[in-house]
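**Q** Right, I'll just put the structure down here and ask away after.
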Amino acid sequence: MLFKSLEFKNAYGQKVKIIEIPVLEEENAYRFMIQLRLEAFIAKVYRSRTNRSVYSFREHLKKVLKWPVYEQIFKETVLKHNA
């Protein structure tokens, strides 16, 4: 799975970075849900006054999604014979 990151300044001028944003295919059923949750998370981080400079979107999703949905999004493909 591919991940991207996003870097911006929040409302208080602090540099903030959001990491581990999953890149999903166009036909993926969870793409729209992830996009909406990312927009809401960015808005929350933008208004936040905390001193944290790095946020993990994957950790945020782990907290807010049901576990079966989280596993479907971040499922790891197991390679045969350690290839």
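**Q** How do the pairs read when you match residues in region 43-63 that are more than 26 Å from residue 75 (Cβ to Cβ) with residues anywhere that are open to solvent by 30 Å² or more (accessible area, probe 1.4 Å) and assigned to a strand (DSSP E or B), using Cβ under 8 Å and keeping only pairs 6 or more apart or on different chains?
**A** Close Cβ pairs satisfying both conditions: 46/8; 53/15; 53/17.
**Q** Could you list, in sequence order, all residues of region 21-33 that are touching a helix residue (DSSP H, G or I) at 6+ places or on another chain (Cβ under 7 Å) and either at pLDDT 95 or above or open to solvent by less than 60 Å² (accessible area, probe 1.4 Å) (or both)? Outline the logic, then answer.
**A** Quick first cut of region 21-33, residues touching a helix residue (DSSP H, G or I) at 6+ places or on another chain (Cβ under 7 Å) only: 21-22, 24, 30.
Answer for region 21-33, where residues must be touching a helix residue (DSSP H, G or I) at 6+ places or on another chain (Cβ under 7 Å) and either at pLDDT 95 or above or open to solvent by less than 60 Å² (accessible area, probe 1.4 Å) (or both): 21, 22, 24.
**Q** Does region 6-19 contain at least one residue that is surrounded by 12 or more Cβ atoms within 10 Å (Cβ to Cβ), touching a helix residue (DSSP H, G or I) at 6+ places or on another chain (Cβ under 7 Å) and polar (S, T, N, Q)?
**A** yes
**Q** Among the listed residues 62, 17, 4, which satisfies the condition of being among the charged types (D, E, K, R) and assigned to a helix (DSSP H, G or I)?
**A** That would be 62, the only listed residue that is among the charged types (D, E, K, R) and assigned to a helix (DSSP H, G or I).
**Q** Yes or no: residue 38 assigned to a strand (DSSP E or B) and open to solvent by less than 80 Å² (accessible area, probe 1.4 Å)? Please lay out each step first, then the result.
**A** On the way: assigned to a strand (DSSP E or B): no; open to solvent by less than 80 Å² (accessible area, probe 1.4 Å): yes.
Against the criterion (assigned to a strand (DSSP E or B) and open to solvent by less than 80 Å² (accessible area, probe 1.4 Å)), residue 38 does not qualify.
The values are calculated or read from the model by the stated rules, or taken from the named source; none is laboratory data. Predicted model, so just to flag it, every value in this text is computed and none were measured. Backbone-built Cβ (ideal geometry, glycine too); neighbour counts: all protein chains shown. Ligands, DNA and RNA are stripped out before the accessible areas are found, and what is left, the full protein with its side chains, is counted by its heavy atoms. Shrake-Rupley method; radii C 1.70, N 1.55, O 1.52, S 1.80 Å.
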